[in-house]
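Worksheet for the structure shown next.
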């Protein structure tokens, strides 16, 4: 089998090289460059819903006779593929040009042809690209710093739970229900003792961790061991009181000193999938050989998600049944979701227009959740305002703001879709507050269309899916997963992308070993391949292979067209049972079903019997 160099990686590399090439010299100014172009005074009625900029400008060129292009060249997909929503009526072309430049943070240039007629080009200049990269790096640094502070605060609050007075506990019921539950349940008291017994350097490492942190309990302080045992027994007791079987972790508690305490930061693949993801600070894990794994999620105690979980646990403490709790949880979930969305980290400070003209009362006829382009289209139909926004792939958000003052509906859109909103006369501009992060999530439209077409025509292959796995986690989560045609593959990739990335860097001999009776011994991976395995093991909470605990990967295909199954096993041998294999994880990759072609609608034919 030939080693495959994935087609999409080559395309992305080639396109990026073209875009990152040195800035071209600005064209020599035409003789009459300052002369006004009266063609730009013509009024335009136009709409576009999540459409690529190059398509928008091609349509406007045809509509107006004014040649407009975008990007440095046809390979500059980072400019050409930017998407916009436009709903304008009788707008001067020059105003539409300016609005597009404003909402995309791009620059227009114009050149005169030999006939003296101007051609216009819209693109991101070098300064804009540098600003985008700088903002992206700053946000990443800010987020890392915030997570460290939030972990430090959470650990400090949990550590001090045993020092609370009855009055303090009563206050926690309202201020932090999750901390109240931790303070009143044995598992929480054990967790508090564990954190209090951690050496200072271990606390600092966990607070700043962006990778797995482990502590062997065999050499841990006595207070840490006792706290871990109390936490494990407390989890068993709580699960039993809530209707579970109990005693699941009795073997862990009895053999606690043989185990390992670990802190694992959140999986970056799920970052930003929904607002509650930022509430998760990591997981605390206890692993004892031969016993079930103990895993306790660590939430920011003051976060909306923690508030929701804490209230539910308090009600269970009071003996409420799930049926009694359900209506309360549903109402609280909507509030917590909205609060989490508003608090979502990153992005520019929210900007909203303060204009009495926006106080008009409107009601949108909406029967189901709408994506932003459809929501703006409804607003354009119901008001005399014009709307232009940048656009990033997303799923419809429920509930949509659909009734009340226009100013309140726009505020709802600003919160739900992370937009800054400004008003210039009758024009309302919507600019994404995290535009510089979301641009890094995008994928060349040529690749997306290639994969969409392959799925529609039933031509997608296993190696196409390997190509898709080569995208970043953010691209898979935020672009593929929100595409109606590609989302079925994206959901698979949320679980299988890591093993497919490892497969993509294996050589011919290693790929052949995957399908053999003995599999591929993962201890033989090269230094360049090993990080791909580390990512897999971190996701499934497993340790790297050793001589005493080897890891082997197998791959099989049910038919030539799949499904394909990867199986990670841990071989072991004992005198009683001989050679055996423990399956640690399996991944299955399937080709998506070819979408059904909708049947053509039957025309109403006259009744010939009459």
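Give 506, 502 a once-over and let me know the one that is under 17 Å from residue 533 (Cβ atoms), outside any loop (DSSP other than H, G, I, E, B) and either in contact with a helix residue (DSSP H, G or I) (Cβ under 8 Å, 6 or more places away or on another chain) or without any contact (Cβ under 8 Å) to a residue 24 or more places away in the chain (or both). Give the steps one after another, and end with the answer.
On the way: 506 fails: outside any loop (DSSP other than H, G, I, E, B).
None of the others qualify; the one that does is 502.
Would it be correct to say that residue 606 is out of contact with any strand residue (DSSP E or B) (no Cβ under 9 Å at 6 or more places or on another chain), at pLDDT 60 or above and assigned to a loop (DSSP other than H, G, I, E, B)?
Working: out of contact with any strand residue (DSSP E or B) (no Cβ under 9 Å at 6 or more places or on another chain): yes; at pLDDT 60 or above: no; assigned to a loop (DSSP other than H, G, I, E, B): yes.
Against the criterion (out of contact with any strand residue (DSSP E or B) (no Cβ under 9 Å at 6 or more places or on another chain), at pLDDT 60 or above and assigned to a loop (DSSP other than H, G, I, E, B)), residue 606 does not qualify.
Could you please find all residues in the stretch 292-332 being assigned to a helix (DSSP H, G or I), under 25 Å from the mean Cα position of the chain (by Cα) and in contact (Cβ under 8 Å) with a residue 24 or more places away in the chain?
304, 305, 306, 307, 308, 309, 332
Return the pair list, or none, for Cβ contacts closer than 7 Å from residues in the stretch 333-352 that are at negative phi to residues that are assigned to a loop (DSSP other than H, G, I, E, B) and at pLDDT 70 or above, at least 6 apart or on different chains.
Listed pairs, sorted by first residue: 348/433; 350/433.
How many residues, within the stretch 197-211, are closer than 15 Å to residue 147 by Cα and in contact with a helix residue (DSSP H, G or I) (Cβ under 9 Å, 6 or more places away or on another chain)?
We begin by selecting, within the stretch 197-211, every residue closer than 15 Å to residue 147 by Cα; these are 203-211.
Still in the running and in contact with a helix residue (DSSP H, G or I) (Cβ under 9 Å, 6 or more places away or on another chain): 203-204, 206-211.
Number of matching residues: 8.
Taking the stretch 213-245, which residues are surrounded by fewer than 21 Cβ atoms within 10 Å (Cβ to Cβ) and assigned to a loop (DSSP other than H, G, I, E, B)?
221, 242, 243, 244, 245
If you scan the stretch 524-539, which residues turn out to be exposed (fewer than 14 other Cβ atoms within 10 Å of the Cβ) and in a loop (DSSP other than H, G, I, E, B)?
Residues satisfying the conditions are 526, 527, 528.
When residues of the stretch 381-409 are filtered for being within 23 Å of residue 476 (Cα to Cα), assigned to a strand (DSSP E or B) and out of contact with any strand residue (DSSP E or B) (no Cβ under 6 Å at 6 or more places or on another chain), how many remain?
If we filter the stretch 381-409 for residues that are within 23 Å of residue 476 (Cα to Cα), which is where we start, we get 390-398.
Next, from what is left, pick out any that are assigned to a strand (DSSP E or B): 390-391.
Going one step further and asking which of them are out of contact with any strand residue (DSSP E or B) (no Cβ under 6 Å at 6 or more places or on another chain), we end up with none.
Residues in the stretch 381-409 being within 23 Å of residue 476 (Cα to Cα), assigned to a strand (DSSP E or B) and out of contact with any strand residue (DSSP E or B) (no Cβ under 6 Å at 6 or more places or on another chain): 0 in total.
Scan the stretch 80-90 residue by residue and report those that are over 13 Å from residue 50 (Cα atoms) and surrounded by fewer than 22 Cβ atoms within 10 Å (Cβ to Cβ).
Correct list: 89, 90.
Within the group 66, 44, which residue is assigned to a loop (DSSP other than H, G, I, E, B), at pLDDT 95 or above and in contact with a helix residue (DSSP H, G or I) (Cβ under 9 Å, 6 or more places away or on another chain)? Before the answer, list the steps.
On the way: 44 fails: assigned to a loop (DSSP other than H, G, I, E, B).
Among 66, 44, only 66 is assigned to a loop (DSSP other than H, G, I, E, B), at pLDDT 95 or above and in contact with a helix residue (DSSP H, G or I) (Cβ under 9 Å, 6 or more places away or on another chain).
Could you tell me whether any residue of the stretch 446-469 is buried (at least 17 other Cβ atoms within 10 Å of the Cβ), touching a residue at least 60 places away in the same chain (Cβ under 8 Å), over 15 Å from the mean Cα position of the chain (by Cα) and within 18 Å of residue 50 (Cα to Cα)?
Yes, the stretch 446-469 has at least one match.
State whether one or more residues within the stretch 165-187 are touching a residue at least 40 places away in the same chain (Cβ under 8 Å), closer than 30 Å to residue 534 by Cβ and part of a helix (DSSP H, G or I).
Checked the stretch 165-187: no residue is touching a residue at least 40 places away in the same chain (Cβ under 8 Å), closer than 30 Å to residue 534 by Cβ and part of a helix (DSSP H, G or I).
Considering only residues that are at pLDDT below 95, under 16 Å from residue 540 (Cα atoms) and either touching a helix residue (DSSP H, G or I) at 6+ places or on another chain (Cβ under 8 Å) or buried (at least 16 other Cβ atoms within 10 Å of the Cβ) (or both), which ones fall in the stretch 480-499?
Answer for the stretch 480-499, where residues must be at pLDDT below 95, under 16 Å from residue 540 (Cα atoms) and either touching a helix residue (DSSP H, G or I) at 6+ places or on another chain (Cβ under 8 Å) or buried (at least 16 other Cβ atoms within 10 Å of the Cβ) (or both): just 494.
With the condition kept exactly as written, say whether any residue in the stretch 398-410 is out of contact with any helix residue (DSSP H, G or I) (no Cβ under 9 Å at 6 or more places or on another chain), more than 25 Å from residue 95 (Cβ to Cβ) and in contact (Cβ under 8 Å) with a residue 24 or more places away in the chain.
Within the stretch 398-410 (the criterion being out of contact with any helix residue (DSSP H, G or I) (no Cβ under 9 Å at 6 or more places or on another chain), more than 25 Å from residue 95 (Cβ to Cβ) and in contact (Cβ under 8 Å) with a residue 24 or more places away in the chain), the answer is yes, since at least one residue qualifies.
The values are calculated or read from the model by the stated rules, or taken from the named source; none is laboratory data. Everything numeric here is computed off the predicted structure, so don't read it as measured data. Glycine gets a Cβ as well: all are built from the backbone with ideal geometry, and neighbour counts include every protein chain shown.
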